[in-house]
Amino acid sequence: MAERTILVVGGTSGIGLELARDIVAHGDRVIITGRDLTTTTDIAASIGEGASAVAVDLSEPETIAASLAGVGKIQGLVLAAIERDNNNIREYSIDRATRLTILKLIGYTQTIHTLLDRLDPSVDTGIVLFGGRAKDAPYPGSTTVSTINGGVDGMVNTLALELAPIRVNSLHSGIIGDSPFWSSKTAALEGYKSRTPANELATMVDVVDAVQFLLRNRGVSGVSLNVDRGWRLT
């Protein structure tokens, strides 16, 4: 397969950064985005020659088109930017709910809209949207997160139809035990492990491999993929 260029929105930390490293390791080029250009550029330099940086803030969708103006043809797009939120209904924060809703539902959509003329239709191009298992595995305070992640699947269904032959899929990870957010929470991780059939949690490598599958596999579009080692089956 010829060298591809993949844009990873939210590629400066966590799973997004691991994905960016994996893309370059497989001989492709990656463009990572973060809110701060200096920080994002430094992180891209640490990945290697195949990585470059752009500053984008999905929570300000009016600025996305200008921020992405310098991006050329790409053969894949991963929207991995997320923010964690615990917004209890009894102490509901409209500001936090609005920010998160704009970031994912509007920011994701505006990014795809902006890049349509650069998503290369001459090759098998894939788009992957990150959601999360809170869409159907809620926790106290997850109303906004659960609603938005469910909305990501609604976006996938419409976009896969509207943008064909570009493929569009979503990925919903469960508890990722070795991620920066979870790796130090030993007691909580043991409880979550007990809810998987093999008493193990998915890893960042598992998620990265799943994203690469969704980007490359020509037979997969309009799919909502859980990566969670069968969490909640037991």
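Treat segment 91-134 as a sphere of radius equal to its Kirkwood radius over Cα pairs and apply Stokes-Einstein at 20 °C in a medium of 1.002 mPa s; give the translational diffusion coefficient in µm²/s, rounded to a whole number.
Details: Rh = 12.6 Å.
The calculation lands on 170 µm²/s.
How much accessible surface area, in Å² rounded to 10, belongs to the heavy atoms of Trp231 with a 1.4 Å probe?
30
Which net charge results when you count Lys and Arg as +1 and Asp and Glu as -1 among the other residues whose beta-carbon is under 13 Å from that of Ile43?
Details: positive: Arg21, Arg35; negative: Glu18, Asp36, Asp42.
Result for the neighbourhood of Ile43: -1.
Mind listing which GluC sites (Glu not before Pro) in segment 160-206 are in a DSSP loop and have 14 or fewer other Cβ atoms within 10 Å?
Values: sites: Glu162, Glu190, Glu200; in loops: Glu200.
Sparse-neighbourhood loop GluC sites (Glu not before Pro): Glu200.
In segment 34-97, which GluC sites (Glu not before Pro) fall in coil by DSSP and have 12 or fewer other Cβ atoms within 10 Å?
Values: sites: Glu49, Glu62, Glu83, Glu91; in loops: Glu49, Glu83.
When the GluC sites (Glu not before Pro) of segment 34-97 are filtered for loop state and at most 12 Cβ neighbours within 10 Å, Glu49 remain.
Roll a 1.4 Å probe over the protein heavy atoms and report the accessible area of Lys193 in Å², nearest 10.
Lys193 has an accessible surface of roughly 60 Å² with all protein chains in place.
Just need the relative contact order of segment 141-234 here, percent rounded to a whole number, with Cα pairs under 8 Å and 6+ apart.
Values: 109 pairs, mean separation 36.1, N = 94.
Relative contact order comes out at 38 percent.
Rounded to the nearest 10 Å², what accessible area does Tyr192 have for a 1.4 Å probe in the complete protein model?
The accessible area of Tyr192 comes to roughly 60 Å².
Normalised by the residues of segment 1-127, what does the relative contact order come to in percent, with Cα pairs under 8 Å and at least six apart?
Numbers: 211 pairs, mean separation 33.1, N = 127.
Answer for segment 1-127 is 26 percent.
Which of rounded, prolate, oblate describes segment 1-83, given a ≥ b ≥ c as roots of the alpha-carbon gyration tensor eigenvalues and a/c under 1.5 marking rounded, otherwise prolate only if a/b is larger than b/c?
Numbers: a/c = 1.68, a/b = 1.37, b/c = 1.22.
Since a/c reaches 1.5 and a/b is larger than b/c, the shape of segment 1-83 is classed as prolate.
Taking R0 as 25 Å, what's the FRET efficiency between Val205 and Asp95 from their Cβ-Cβ distance, rounded to 0.05? If you can, show how the numbers build up before the last one.
Working: r = 36 Å, r/R0 = 1.44.
Once rounded, the FRET efficiency stands at 0.10.
Please say if segment 126-219 is rounded, prolate or oblate, where rounded means a/c under 1.5 for a ≥ b ≥ c the square roots of the C-alpha gyration tensor eigenvalues, and otherwise the choice is prolate for a/b larger than b/c and oblate otherwise?
Details: a/c = 2.84, a/b = 1.59, b/c = 1.79.
It comes out oblate by the Cα gyration axes.
How much accessible area per residue does segment 73-170 have, counting only protein heavy atoms and a probe of 1.4 Å, in square angstrom? Numbers along the way, then the final one.
Values: 4360 Å² over 98 residues.
Ligands and nucleic acids excluded, the figure is 44 Å² per residue.
Could you pull out every one of the lysines with an alpha carbon less than 17 Å from that of Lys104, ignoring same-chain neighbours closer than 8 positions?
Partners within reach: Lys135.
Heavy atoms only, probe 1.4 Å: what % of the accessible area of segment 69-197 goes to carbon and sulfur, would you let me know? Mind showing how you got there, number by number?
Details: 3400 of 5910 Å².
Of the solvent-accessible surface of segment 69-197, carbon and sulfur hold 58 percent.
Whenever you get a sec, line up Thr39, Thr5 from highest to lowest accessible area (probe 1.4 Å, protein heavy atoms). Numbers along the way, then the final one.
Numbers: Thr39 70, Thr5 30 Å².
Ranking Thr39, Thr5 by accessible area, largest first, yields Thr39, Thr5.
Before anything else, pin down the relative contact order of the chain: Cα pairs under 8 Å, at least 6 apart, normalised by residue count, whole percent.
Details: 449 pairs, mean separation 40.9, N = 234.
Once divided by the residue count of the chain, the mean separation gives 17 percent.
Estimate the FRET efficiency between Ala164 and Ala187 by the formula 1/(1 + (r/R0)^6), using the beta-carbon distance for r and 35 Å for R0, to the nearest 0.05. Can you show the working numbers first?
Details: r = 46 Å, r/R0 = 1.32.
That pair, Ala164 with Ala187, gives E of 0.15.
In whole Å, what is the distance between the alpha-carbon centres of segment 119-145 and segment 189-219?
Cα centres, segment 119-145 to segment 189-219: 14 Å.
Using a Gaussian network model of the chain whose springs link C-alpha atoms within less than 10 Å, name the residue from Phe213, Phe130, Phe181 with the highest mean-square fluctuation.
For the chain, modelled as a Gaussian network with Cα springs under 10 Å, the answer is Phe181.
The values are calculated or read from the model by the stated rules, or taken from the named source; none is laboratory data. Since the model is a prediction, treat every value here as computed from it, not as a measurement. For neighbour counting, all protein chains shown are included, and Cβ atoms are generated from backbone atoms with ideal geometry for every residue, glycine included. Calculation scope for accessible area: heavy atoms of the full protein, side chains included, ligands and nucleic acids excluded. Shrake-Rupley method; radii C 1.70, N 1.55, O 1.52, S 1.80 Å.
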